[in-house]
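*Asks:* I'd like to ask you about the structure that follows.
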Amino acid sequence: MRTSSPSSIPRRAAIGLALLLSCGVTLAQGYPARPIRLVVPFPPGGGTDIIAREVANKVATSEGWTIVIDNKPGSGGNIGVDAAAKANPDGYTLVLGQTSNLAINPTLYAKLPYDPVKDLAAVGLVASAPLVLVVSATSPYKKLADVVAAAKAKPTALNYASSGNGTVAHLATEQFQKAAGVQFTHVPYKGASQGLTDLVGGQIQMYISSVPTLIAQIKSGQLRALAVTSLQRNRDLPDVPTMAESGYKDFEAVTWFGVAGPAAMPKDAVTKLNAAFNKALATPEVQKKLAAQGAEVMSGPPEKFASLIRTDGVRWGAVVKVSGIKLD
């Protein structure tokens, strides 16, 4: 039987290492080699879900990738974001986060299971959208002043729905109540569909959410939009006044959406994903589809998104502290 000489062992080890490194390079160059999971931390049919599917479909088509949407709703988006933050950081699990679960919840929740700055790697911004306050088409309220008058006449009698505690909609309405000197009763839902059903059915008097969540029902005539929370009117709802035009100067609350993954994701995967999403967002097709949903395309490098998470965390954290809201 032939045995290896001592001198041949280092040589073989070097060859093995070279082959291993070569394989690693090939794997990196071949990313993604299997389906990518994009976690949406809200139920199907809501604004976050609609935006995720529109953009992911374009990326998948353009790049020849497979992107699977995984809806994980609950706890204001915390459950889905936490699942993505704790996933294997191999570049195959992403999340479409937004202002509420990346910038607001770290201050709002006493024990948030993740830190959006430390536990997530920003991939890139996708879109932004104002909120819109709506009532049922059969509601007696024709303008925002009617709602304020009713709330002053019967404090806490009016219920308003949002997609969860701590969402931008929740905090924006808290700000509005303080500005108007009124008090509503908050009814949080896990997502948009049940809240819309209860609004149309009369159990809820108002709903405030992102324009992409509610625009289809507004345009179909099911809902009446009373005000948007951007400083300028929304181009897809040109007849709906802003909060500022309705008497609340400088009132602004805009939600943004962005893709992130586990903090230890490979940098080359982040770079490749960022380029693919920016490419999709630059197409007229995606811009038109998002605009039809009342959203505005955002893009840019990962660093831009990471900076926004930090700065808006400070901004909304201050709002949370002033409001006195704290969740477990």
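*Asks:* Note down all Cβ pairs under 8 Å where the first residue falls in the stretch 174-198 and is in a loop (DSSP other than H, G, I, E, B), the second is hydroxyl-bearing (Ser, Thr, Tyr) and open to solvent by 20 Å² or more (accessible area, probe 1.4 Å), and they're at least six residues apart or on different chains.
*Replies:* Going by the 8 Å Cβ cut-off, the qualifying pairs are GLN183/THR156; PHE184/THR156; TYR189/SER163; LYS190/SER163; GLY191/SER163.
*Asks:* Just to confirm my filter: which helices (runs of 4 or more DSSP H) fall fully inside the stretch 215-324 and include at least 3 residues that are of a type in the set (D, E, K, R) and in contact (Cβ under 8 Å) with a residue 40 or more places away in the chain?
*Replies:* Per the criteria, 267-281, 302-323.
*Asks:* Output the residues belonging to the stretch 262-295 that are modelled with pLDDT under 95 and surrounded by 18 or more Cβ atoms within 10 Å (Cβ to Cβ).
*Replies:* Listed by number, the residues that qualify are LYS289, LEU290, GLN293, GLY294, ALA295.
*Asks:* Next question. Quick test of your reading of the structure: GLY300 fulfils all but one of (1) open to solvent by less than 50 Å² (accessible area, probe 1.4 Å); (2) under 27 Å from VAL200 (Cβ atoms). Name the failing condition by number.
*Replies:* (2)
*Asks:* Which count do you get for residues in the stretch 113-149 that are over 29 Å from LYS272 (Cα atoms), touching a strand residue (DSSP E or B) at 6+ places or on another chain (Cβ under 7 Å) and open to solvent by less than 20 Å² (accessible area, probe 1.4 Å)?
*Replies:* 10
*Asks:* Please specify each residue of the stretch 169-219 satisfying the condition of being aliphatic (A, V, I, L, M), surrounded by 22 or more Cβ atoms within 10 Å (Cβ to Cβ) and under 18 Å from ILE50 (Cα atoms).
*Replies:* ALA169, ALA192, LEU196, ILE208, VAL211, LEU214, ILE215 - these are the residues of the stretch 169-219 that are aliphatic (A, V, I, L, M), surrounded by 22 or more Cβ atoms within 10 Å (Cβ to Cβ) and under 18 Å from ILE50 (Cα atoms).
*Asks:* Determine, yes or no, whether LEU133 is in contact with a helix residue (DSSP H, G or I) (Cβ under 9 Å, 6 or more places away or on another chain) and closer than 30 Å to GLY201 by Cα.
*Replies:* Yes; evaluated as a whole, the condition is true for this residue.
The values are calculated or read from the model by the stated rules, or taken from the named source; none is laboratory data. This is a predicted model, so every value here is computed, not measured. Every residue, glycine among them, receives a Cβ derived from its backbone with ideal geometry; neighbour counts consider all protein chains shown. These accessible areas exclude ligands, DNA and RNA; they are computed on the full protein's heavy atoms, side chains included. Shrake-Rupley method; radii C 1.70, N 1.55, O 1.52, S 1.80 Å.
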